[in-house]
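The values are calculated or read from the model by the stated rules, or taken from the named source; none is laboratory data. Not measured: the values here are computed from a predicted model. Here the Cβ positions follow ideal geometry from the backbone for every residue, glycine too, while neighbour counts run over all protein chains shown. All accessible areas refer to the heavy atoms of the entire protein, side chains included, with ligands and DNA or RNA removed. Shrake-Rupley method; radii C 1.70, N 1.55, O 1.52, S 1.80 Å.
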Amino acid sequence: MPKTIGILTAGGDCPGINAAIRGVGKTAIVKYGMKVIGISDGYAGLINKEYRELTESDLSGILTLGGTILGTSREKPFKGSGKKKDETRKPILIKEHYEQMGLDCLVCIGGNGTMKTANMLSEEGLNVVGVPKTIDNDIWGTDMTFGFDSAVNIATEAIDRLHSTANSHKRIMVIEIMGHNAGWLALYSGMAGGGDVILIPEIPHDEKVVMDYLRKRADNNKPYSIVVVAEGVQIPEGEDSPARYLAGRIQEETGLETRETVLGYIQRGGSPSPMDRVLASRFGAAAANLIANGEFGRMVALRNGSISSVKLSEVGGKTKLVAQDDPMVRQAMEMGTCFGV
Ligand code: F6P
């Protein structure tokens, strides 16, 4: 039975990380009597040997807190090492510090990049368990990541609020939603918020179709329209934001008064939703159970409503994208939502 475990949080933060740290830590301490080490600022903390012990009382009162009590960074220790097996300074330091800190296992809470690095460290011989988190919901191998539900709530509220101001001014409102290269967040918040147009990277759109759709709505006495666009949607080179670009194009092409909103980091901040608190806690507890069973090199996952796990080697380097024929896309299209196709 492993005695000492390290926990780190890496990549972009999201609501629910502290709930996951608490889930891993409390289960490890209360159920298994393990010692828990909190590593600062993601993989950077392992490279710089910055850490502290987390006692049970350190883990109290953090369930509802946004962000991460451990700090995070986008440090990628294998980046620039050419072949991934190359022994560069950073992976060597990580291995040395893992030994010096007396770790029997490392829990890596993070997104796609974090899981890729976790898998590489596992291949280097470290005992590693992954816990998937991201507002983007784009991690392969799990039906859902925590952070996503909170972000959907935030983005939906923003879209709801745009409806009334759009209606008052009879404007087109374009709202840009995060999600990296995936359209999950835009699709869910767009559907929940009643977006008239939803544009996601997985479904390349034709601008003319969007313009015709918006003109037709205006001709049919619909006083306003809401366009939800994912940040990953392709735009011409030199343009910095899909929302800004599209709003300009719509006003130019249709003559309809148009405004844009780039929602940004608000989607990642603040307290997790109840669903994310539950999912993060369950993922955390499942990670502690994997460690106790000696099942390393795995990422905890949600599959068909049950908590399970997948091999990190299957997850690393992949992205879970919206399928073009996703039932949600089809249903939205059948209700008249425009995807620009
Ligand atoms: O992965 C979460 C996310 O918020 C993405 O939606 C977004 O593209 C990216 O992180 C922003 O990254 P950064 O925090 O480095 O600006």
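Of note:
- Stretched out straight at 0.36 nm per residue, the stretch from Thr88 to Ser241 would grow longer than its current Cα-Cα span by 51.4 nm.
- The stretch 185-257 shape via C-alpha gyration tensor axes, a/c threshold 1.5: oblate
- Acute angle (nearest 10 degrees) that the helix 242-254 long axis makes with the longest principal axis of the chain, alpha-carbon atoms: 10 degrees
- Across the stretch 155-167, computed HN-Hα scalar couplings (Karplus, 6.51 cos²θ - 1.76 cosθ + 1.60, θ = phi - 60°) run 5, 5, 4, 4, 5, 3, 5, 5, 4, 5, 6, 4, 5 Hz from first to last residue, x flagging Gly and Pro.
- Table column - 3J(HN,Hα) (Hz), the stretch 257-267, Karplus curve with 6.51, -1.76, 1.60, x for Gly and Pro: 5, 10, 10, 10, 10, 9, 5, x, 5, 3, 5
- Centroid-to-centroid, using Cα positions, the stretch 309-341 and the stretch 110-166 are 15 Å apart.
- With distances taken between every two different alpha-carbon atoms, the stretch 287-341 has a Kirkwood hydrodynamic radius of 14.2 Å.
- Computed on the Cα atoms alone, the convex hull of the chain gives a volume of 129 cubic angstrom per residue.
- Amide H contacts of Phe146: Thr134, each under 5 Å away and 5 or more positions distant or on a separate chain (H built 1.01 Å from N in the peptide plane; Pro and chain starts excluded).
- Accessible area (Å², per residue) of the chain, counting only protein heavy atoms and a probe of 1.4 Å: 42 Å²
- For the pair Arg52 and Arg74 in one chain, pulling the backbone fully straight at 0.36 nm per residue adds 5.9 nm over the alpha carbon distance.
- Extension gain from Asp212 to Tyr265, taking 0.36 nm per residue of separation minus the Cα-Cα distance: 15.9 nm
- Computed over protein heavy atoms with a 1.4 Å probe, the carbon and sulfur contribution to the accessible area of the chain reaches 47%.
- Under 5 Å from the amide H of Leu106 lie the amide H atoms of Gly6, Asn127, Val128, Val129, each residue being 5 or more positions distant or on a separate chain, with H modelled from the backbone and absent for Pro and chain starts.
- Cα-based helix-to-principal-axis angle, 17-26 vs the chain, degrees rounded to 10: 30 degrees
- Counted charge near Thr4, where neighbours are those whose Cβ lies closer than 12 Å (Asp, Glu -1; Lys, Arg +1): -1
- Relative packing of peptides 207-213, 20-26 - highest average C-beta neighbours within 10 Å first: 20-26, 207-213
- Summed residue charge, Cβ within 13 Å of Arg217's Cβ, Lys/Arg positive, Asp/Glu negative: +2
- Residues in the stretch 203-209 carry Karplus couplings, in order, of 10, x, 9, 9, 4, 4, 4 Hz; the curve used is 6.51 cos²θ - 1.76 cosθ + 1.60 with θ = phi - 60°, and Gly or Pro positions show x.
- With contacts taken as Cα pairs under 8 Å at a separation of at least 6 residues, the chain carries a relative contact order of 25 percent.
- Relative contact order, percent, the stretch 1-140 [alpha-carbon distance under 8 Å, six or more residues apart]: 31 percent
- Tensor-based shape of the stretch 11-56 (alpha-carbon gyration tensor, a/c under 1.5 rounded, otherwise prolate or oblate): oblate
- Simple spin-label estimate for Ser164 and Ser313 gives 5.6 nm between the two label positions (7 Å along the Cα-to-Cβ direction from each Cα).
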